[in-house]
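Have a look at the structure below before the remarks.
Values in this text are rule-based calculations from the coordinates and carry no lab data. Just so it is clear, the model here is predicted, and its values are computed rather than measured. Here the Cβ is made from the backbone with ideal geometry for all residues, glycine too, and neighbour counts use every protein chain on show.
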Amino acid sequence: MKRLIAIILALTLTMTVFSGCGSSDTPEVSAPADDTATEAPEELGPVTDAPETDNPEPAEPVEIKIASLKGPTTMGMVKLMDDSDNGLTENTYSVSVYGTADEIVGQIVGGEIDVANIPCNLASVLYNKTNGGISALGINTLGVLYVLAASNPESALNNEEPYAEIADLKGKTIYSTGKGTTPEYVLNYILRSNGIDPEKDVTVEYLSEATEVAAKMAESTDAIAVLPQPYVTVAMTQNENLRIVFDLTEEWQKIDGTQLVTGVTVARKEFIEANPEAVEKLMSDYAASVEYVNSNNDEAAALVGKYDIVAEGVAKKALPYCNIVFQTGSDLKANASAYLNVLFESDPTSVGGNLPGDDFYYNAE
């Protein structure tokens, strides 16, 4: 028990949570090939008793206990949740949604849940703390950070765009949240990659709450801020002069071709090994849910509101910017490993002290 408490305390010092959303193509998850079909024989011999087959009985349905976070990391799962509640899935998905990741950590460590949707860097922390006891099944949310600017009447009058590229942020004051956490590391990486020293060329003021950043934006006509979805949508709803000038997921991809990552879906390896077919079915159901959410905005927003993840009205506006995906295999490994490496170089403790091994990436080659 003392060791478990120590693990949980250590985790709460290193993990970072930020919610977010943006649209992206949804990779397909391939179902296992059907190898049961055979060719008909050319001639029929004498009728005999049918031989016994070696095909195993289908696996029994499994109840999968899932913990998830309010925000975009759960939005892609709402169709799966609704289908399960209506008895339309083979597995039963018991999904509990929490406000903070620290409510989930102890349950993963203690084996009380099987699967969780959590920030990517927290997944790496847990991998290290459990001695490789979890694997990432897929990326469920790409980057959700955006740079907002207040409209400048003079620039609008002259039909000018003062922020055409990241380099235009040089000399500016930027409001953000997440000092010493992933938003800071992401912003610094993008600034440096565009020739801006975050300590000398810009002034970044870190505030404790996203609502404080939104308030700063409301007070100024030339303020710049970094916010995650759905706070971007909320801020723009409250202040019609705000606009998105940079999608940091796009800016990240310009640097090395990989994609910025927010959330991943992890599972305990013990559960994966005991229920391989149920895990594959979960992944297939999850991919189908993501496709539905990205293709049916209004209906998906209603489900997001139904499950009290985000208010339906906010979800309707934010979903197209939430970058909800389900990336598996090589895409999972390429994007998540590049992201974790940037965080590791910024602060090794943000990923648990060491980068995870290849076994962290489920089914990746």
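Normalising the average separation of contacting C-alpha pairs (under 8 angstrom, six or more residues apart) by the number of residues puts the relative contact order of the stretch 145-256 at 46 percent.
Can you list the lysines whose alpha carbon sits under 19 Å from that of LYS170, skipping same-chain ones fewer than 8 residues off? Straight-line reach from LYS170, under 19 Å: LYS200, LYS254.
About the centre of its Cα atoms, the stretch 145-256 shows a dipole size close to 180 debye [charges on the beta carbon of Lys, Arg (+1) and Asp, Glu (-1) only; nearest 20 debye]. Only Lys, Arg, Asp and Glu carry charge here, each on its Cβ (+1 for the first two, -1 for the last two); on that basis the stretch 194-271 has a dipole of about 360 debye about its Cα centre.
With r as the distance between the Cβ atoms of ASP222 and ASP201 and R0 = 22 Å, compute the FRET efficiency 1/(1 + (r/R0)^6) and round to 0.05. Please report the intermediate quantities before stating the final value.
Details: r = 17 Å, r/R0 = 0.79.
Efficiency, rounded to the nearest 0.05: 0.80.
Segment ARG243..ASN297, full-extension length gain: 17.3 nm, with 0.36 nm per residue of separation and the alpha-carbon distance subtracted. In this rough spin-label picture, where each label sits 7 Å from Cα along the Cβ direction, the ASP358-LYS254 distance is 3.5 nm. Projecting label points 7 angstrom from Cα along Cα→Cβ for ASN341 and ALA167 puts them 2.6 nm apart.
Below 8 Å between Cα atoms, with a sequence gap of 6+, how large is the relative contact order for the stretch 291-346 in percent? Before the final figure, lay out each step's value.
On the way: 26 pairs, mean separation 13.5, N = 56.
So the answer I get is 24 percent.
The convex hull defined by the C-alpha atoms of the stretch 145-256 has an orientation-averaged projected area of 6.6 nm².
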